[in-house]
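This report concerns only the one structure given below.
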Amino acid sequence: MKHYSIAIDGPAGAGKSTIAKKVAKHLNFIYVDTGAMYRALALYFIRNNIASADKEKIESSCNDADVTIDYRDGEQQVLLNDENVTQLIRTEEVGNMASASSVYPVVRLKLVELQRNLAKKADVVMDGREIGTFVLPGADLKIYLTASSMERAKRRFLELKQRGITADINEIEKDIIERDNRDMNREFAPLKQADDAILLDSSDMTIDEVAEYIIKCYEQIR
């Protein structure tokens, strides 16, 4: 039985996770939040006082961190050494550490195997930075989702505000631009649009409009 895969790549704050969840729910696919897996590993580094620049410690400690995905009541839960950290990995600190530490091949390779195995066993929607170019180069549908840095900063600002977290929108945009630069210029599996990916700028689109567009693209290839 053939399993279908949809890869959604793009820079930080583009709305990949929100869109991927909606598309997966509509199509009854499994949603695989690869960014959450990187964030869980980043949380492990932070808890163990490992600096993002300390390549040796990051490489040696990867073997001590087990990151897995579980589904409870249809919702993805991220486990770090059997602890559910789903609600602990969405801070800016963890996000920045995830971006900084993911430049190391050992970090990426540790998680890629699990991600590929999931795609072999089920229909999946997977979002991240290099799904279509590296993790699932044979994905049936590839989307490169982006938006302007200020629009992405506004979205992040509102998300944090709704959670009662005070933030400076200009600092958020600065962090986003820095993360874009790191992600696009890292030596191993950098962020870039796959040659066969559809470019989708969501700056002036609603969440539903973006999800509907991707679903229509999938229906055309099904």
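Scan segment 74-109 for residues that are exposed (fewer than 15 other Cβ atoms within 10 Å of the Cβ) and assigned to a strand (DSSP E or B) and the total you get is 3.
Table: residues versus (1) crowded, with 16+ Cβ neighbours inside 10 Å; (2) on the phi > 0 side of the Ramachandran plot; (3) assigned to a loop (DSSP other than H, G, I, E, B); (4) not basic (Lys, Arg).
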| site | (1), (2), (3), (4) |
| --- | --- |
| Leu118 | yes, no, no, yes |
| Phe134 | yes, no, no, yes |
| Pro137 | no, no, yes, yes |
| Tyr144 | yes, no, no, yes |
| Leu160 | yes, no, no, yes |
| Thr166 | no, no, yes, yes |
| Asp175 | yes, no, no, yes |
| Arg179 | yes, no, no, no |
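In segment 184-214, which residues are over 18 Å from the mean Cα position of the chain (by Cα), part of a helix (DSSP H, G or I) and surrounded by fewer than 16 Cβ atoms within 10 Å (Cβ to Cβ)? Answer for segment 184-214, where residues must be over 18 Å from the mean Cα position of the chain (by Cα), part of a helix (DSSP H, G or I) and surrounded by fewer than 16 Cβ atoms within 10 Å (Cβ to Cβ): Asp208, Glu209, Glu212.
In segment 66-94, the qualifying residues are those that are hydrophobic (A, V, I, L, M, F, W, C) and more than 12 Å from Arg39 (Cβ to Cβ), and the one that is farthest from the chain's Cα centre (by Cα) is Leu79.
I'd like to know if segment 151-160 contains one or more residues that are among the aliphatic types (A, V, I, L, M), in contact (Cβ under 8 Å) with a residue 40 or more places away in the chain and touching a helix residue (DSSP H, G or I) at 6+ places or on another chain (Cβ under 7 Å). Within segment 151-160, one or more residues are among the aliphatic types (A, V, I, L, M), in contact (Cβ under 8 Å) with a residue 40 or more places away in the chain and touching a helix residue (DSSP H, G or I) at 6+ places or on another chain (Cβ under 7 Å). Taking each residue of segment 24-47 that is free of Cβ contacts under 8 Å to residues at least 40 places away in the same chain and looking for partners that are small (Gly, Ala, Ser) and surrounded by fewer than 22 Cβ atoms within 10 Å (Cβ to Cβ) with beta-carbon atoms closer than 7 Å, six or more apart or interchain, yields Tyr44/Ala65. Annotation note: of Val210, Val112, the sole residue that is touching a strand residue (DSSP E or B) at 6+ places or on another chain (Cβ under 9 Å) and β-branched (Val, Ile, Thr) is Val210. Within segment 120-129, the set of residues being at pLDDT below 90 and surrounded by 22 or more Cβ atoms within 10 Å (Cβ to Cβ) comprises Gly128, Arg129. With the condition kept exactly as written, say whether any residue in segment 40-49 is of a type in the set (Val, Ile, Thr) and outside any loop (DSSP other than H, G, I, E, B). Looking for residues that are of a type in the set (Val, Ile, Thr) and outside any loop (DSSP other than H, G, I, E, B), one finds at least one in segment 40-49, hence yes.
Give the residue that is nearest to Ile214 (Cα to Cα), with candidates limited to residues of segment 1-44 that are surrounded by 24 or more Cβ atoms within 10 Å (Cβ to Cβ) and of a type in the set (Val, Ile, Thr). For segment 1-44, the residue satisfying everything is Val23.
Inside segment 48-69, residues that are in contact (Cβ under 8 Å) with a residue 40 or more places away in the chain and not hydrophobic (A, V, I, L, M, F, W, C) make up a count of 4.
Tell me yes or no: at least one residue of segment 39-51 is under 30 Å from Cys217 (Cα atoms) and in contact with a strand residue (DSSP E or B) (Cβ under 9 Å, 6 or more places away or on another chain). There is at least one residue in segment 39-51 that is under 30 Å from Cys217 (Cα atoms) and in contact with a strand residue (DSSP E or B) (Cβ under 9 Å, 6 or more places away or on another chain). Checked against (1) surrounded by fewer than 16 Cβ atoms within 10 Å (Cβ to Cβ); (2) modelled with pLDDT under 90; (3) part of a loop (DSSP other than H, G, I, E, B), Tyr71 meets all criteria but (3).
The values are calculated or read from the model by the stated rules, or taken from the named source; none is laboratory data. Treat the numbers as computed from the prediction; the structure is a model and nothing was measured. Neighbour counts are summed over all protein chains in view; Cβ atoms, including those assigned to glycine, are modelled from backbone coordinates with ideal geometry.
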